[in-house]
Structures are given as C-alpha cells and as structure tokens.
Amino acid sequence: MLSNPFPAASNPLQLPIGKSLGAYTNVGSSANWANQNFRAQINDRINLTLLREIPGQFKVDVTWFLNFGRYVPHDDLMNMADPNLTYTYKAQLSQIIPNPFFNYLTPDRFPGDLRNQRNVTRGSLLRPYPHYGTLTVNNVSDWRNRYQALQLRLQRTYSAGASLLVAYNYNQERQEAYFNDIQQYARQVFWLGSNNARHRLTVAGVYDFPIGKGRAIGSSFHPVANAIIGGWQVSGIYTYRSGEFIRFPQLDVIGDPKIPNPGPNGWFNTSAFRIPEPFTPRTNPYQYPGITGPRFWNLDGTLSKFFPLAESLKLEFRLEAYNVTNSLMWANPVTAIANPLFGRSTAQATGNRGREIQYT
C-alpha cells in the first residue's frame, strides 16, 4: 500500500482558501485587483494622404498620421503613505518598531504574513491601510495618449527586372504619467514624451542581372554558360533607426548633460550628474532633447537563381546573408550612476548579431 504523503501531523494538505475568508481575504498581505470601472481604450485616428505618380514608374505616398488616445490603462497604488512624510522625517520612518499586528486576531480574520512579523518599519504604519501591504488596482483607464507621424513612401513596382521601396517615418509620441511619487500620491499627471527613435528608414529592392537567356546580355549563351553566369537575381533590405532618447533615473543635475561627440565610451556628460540627496523627491527630467543612444542599422541580402530542369520543374539556389557588413550595433548606455560604466555602452543592441550566411 502507498503511504499518505500528507500526514496531518507533519505535512497536512493545504486546501485553497478561495472565497472562504470573505471580507478578510488578503488582510495582512498585499493584494491587486482589476479596476471595476474599466473602459476599453479608444483611439481616434486621422490620416491625411497625398498620392502621386512620378516619372520612372515611381509612386509617392505622403501621409500625416494623428492618433488621439483616451482611457489608456495603467496600474495605480492605493496604499501609499504620503511621500512628504518621508521627505520631512527622513530616516525616522525607517526605524524598526514592534508590529502592532503581530499575532493579531485569528488566522481566519487576519491571515496575512503581517501577523507573523514581530517588527515593522515606522513608515509602514503611516499608510492609509496599515493592516495591508501594497494594494494595486490594475487597468485604471483614465490616461491620455498622443501620437503623430510623417510617413513617406516611394515605390517602384517590379518592372524591367527591378523593384524598389523606400519608406521613412518621423514620429512624436507622448502619454500622461506620474512625474514622481508626490504627483502619484496626489494623482497628478504630466505629459511624458516617448523615448522611441524619432527617425526610421527602410529600403528594400530586387534586381535581376541583365545577363542570360531572355535578358539584354547573353541571350545566345551556351546552356552551360547560361547555367553558370546567367539568370541571377539579388535582393536586399536595409533598415535604420535613430538613437532612442536616454531615460535617466532620479539624479541630481549639476551641469549640462550634453556632449559634442557622443559614442560608446560616453553618450552624455557623466560629470553633470551625481547621486541624489537622500530623502528628496525627483526633480530631474526623464530625458533631454538631443541626448540619444546609439543608432541602429542593418543590411540583409539574398543572391538567387532558378535552374530549369523541365517544362514544369525548376530548382532554386539561394544564398542569404544577415548583417552583411558584420557591423556591431551598440545597446543603450548604462544609466545607473553607481555603476563604474555609467554612460557607456557595454552590450550589443537587441536584434544585432554577427554576420550569418546560409544557402538553400
């Protein structure tokens, strides 16, 4: 016979609490719940587009795109102590004192971890609901978002053995957010600009070399010569984006963060920052105009050819290369001021990899 793996004396089976505790659920612990008045985000979008065909079988598309978002969801903390108390009384609120909720009531009326802690910090008892931990409401939908972009597109459809696509996007975005904990406590928001790259460019194209059977050069090639040097096609895609705006944590600013020639060894003036004074609210901006991280670009290419084997049967050879130039793209710099590499890039950007070649 198999023995009971959950003997009542030493390893009893813990049944899920479920709704059995009613109003006492999570008392003495942290809790989060969904906003009961949730409203789905609404986006009002406006497109103004100009289309034009120009010589050379090119089509030009110019679009100004606007988006007005409302009811943008976010999470709100409902059990914050007034941060001004911390800035006024400083380290006093970090003092350890006896926990008034230690072994308080009974486990079915005060079930959380707080009943098992002999000591707590003085500041934790200054929260609106000190008998709870962190209280979080998810998907509070009362923020706004604004986005606008200028989009340019130049396209030449496949004709005479070539096609080309050039697409460019310049964008600006901002969204309501809390600047610091004082504003968060008071539910006051400000417009925080996006740190996304402002400029994005994509160039893609296909070109058939005019050599081989049925093409401008070598249409009378011997079948062997045509199989070797005729009928090749090359295609590629080039992507580029400008640097993302660098997001800074709370710091004291004592100078101009901008430098004339930013690079991997320093994207901003590190001497313009210092560790913030303890027990002070954030006052420095999240990002600065013109202070961005490294740019990113990449080139992928393909060389291919079809070999006819029969009237309805052909074989394709493809040679594909990713990151053709084998270029290193740096990631955004370190922004932790206590890190000795503060301000420097120390890793590759996401999506950047060494050259890879494969054939099929």
Q | Likely footprinting exposure, Lys213, Lys305, fewest C-beta neighbours within 10 Å first | A | Lys213, Lys305
(Q) At q = 0.12 Å⁻¹, what log₁₀ I(q)/I(0) does the chain have when each alpha carbon counts as one equal point scatterer in the Debye sum? (A) -1.12
Q | Compactness of the range 86-125, expressed as Rg and Dmax over alpha-carbon positions, Å | A | 12.1, 38
Q. Each label point is 7 Å from the Cα along the Cα-to-Cβ direction; what then is the distance between the points at Val324 and Val234, in nm?
A. 0.6
Q. So what is the relative contact order for the chain, in percent, with contacts set as C-alpha pairs under 8 Å and at least six apart?
A. 12
Q | GNM result for the chain, Cα springs below 10 Å: residue of Glu320, Glu244, Glu173 fluctuating most strongly | A | Glu320
Q. In vacuo Debye scattering of the range 297-360, one point per C-alpha: log10 I(q)/I(0) at q = 0.18, 0.25, 0.26, 0.27 Å⁻¹?
A. -0.75, -0.98, -1.01, -1.05
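How do the peptides 28-40, 112-124 rank, highest first, by the average count of neighbouring beta carbon atoms within 10 Å per residue? Show your work: numbers first, answer last.
Values: 28-40: 13.1, 112-124: 15.3.
Answer by packing, highest mean first, reads 112-124, 28-40.
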Q) Using the count of nearby Cβ atoms within 10 Å as a rough guide to exposure, how do Ser271, Ser159, Ser304 rank from fewest to most? A) Ser159, Ser271, Ser304
Q: Kindly provide the Kirkwood hydrodynamic radius of the range 32-190 in Å, to one decimal, from all pairs of distinct alpha carbon atoms.
A: 20.8
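Among DSSP beta bridges whose residues both lie in the chain, state the antiparallel percentage, nearest 5.
Working: 97 of 103 bridges.
Bridges in the chain are about 95 percent antiparallel.
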Q: Name the shape class, rounded, prolate or oblate, that the alpha-carbon gyration tensor gives for the range 176-257, where a ≥ b ≥ c are the square roots of its eigenvalues, rounded holds for a/c under 1.5, and otherwise prolate holds if a/b is larger than b/c and oblate otherwise.
A: prolate
Q: For the range 1-93, report the translational diffusion coefficient in µm²/s to the nearest whole number, using Stokes-Einstein at 20 °C, 1.002 mPa s, and a Kirkwood Rh over Cα pairs.
A: 99
Q. Can you list the aspartates and glutamates whose alpha carbon sits under 18 Å from that of Lys314, skipping same-chain ones fewer than 8 residues off?
A. Asp208
(Q) When the expected Rg is taken as 2.2 N^0.38 Å, what fraction or multiple of it is the alpha-carbon Rg of the range 230-360? (A) 1.63
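Per DSSP helix of 4 or more residues, -39500 (n - 2.57); summed, then divided by the residues of the chain. What does that give at 222 nm, rounded to the nearest 500? Present the calculation step by step, with values, prior to reporting the outcome.
Values: 3 runs with 20 residues, N = 360.
Calculated from helices alone, the mean residue ellipticity at 222 nm is -1500 deg cm²/dmol.
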Q.
Could you work out the percent of alpha carbon pairs in the range 49-125 separated by over 13 Å, rounded to a whole number?
A. 80
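Coordinate-derived values only; no laboratory data. Note that the coordinates shown come from a computational prediction; the quantities given were computed from them, not determined experimentally. Every residue, glycine among them, receives a Cβ derived from its backbone with ideal geometry; neighbour counts consider all protein chains shown.
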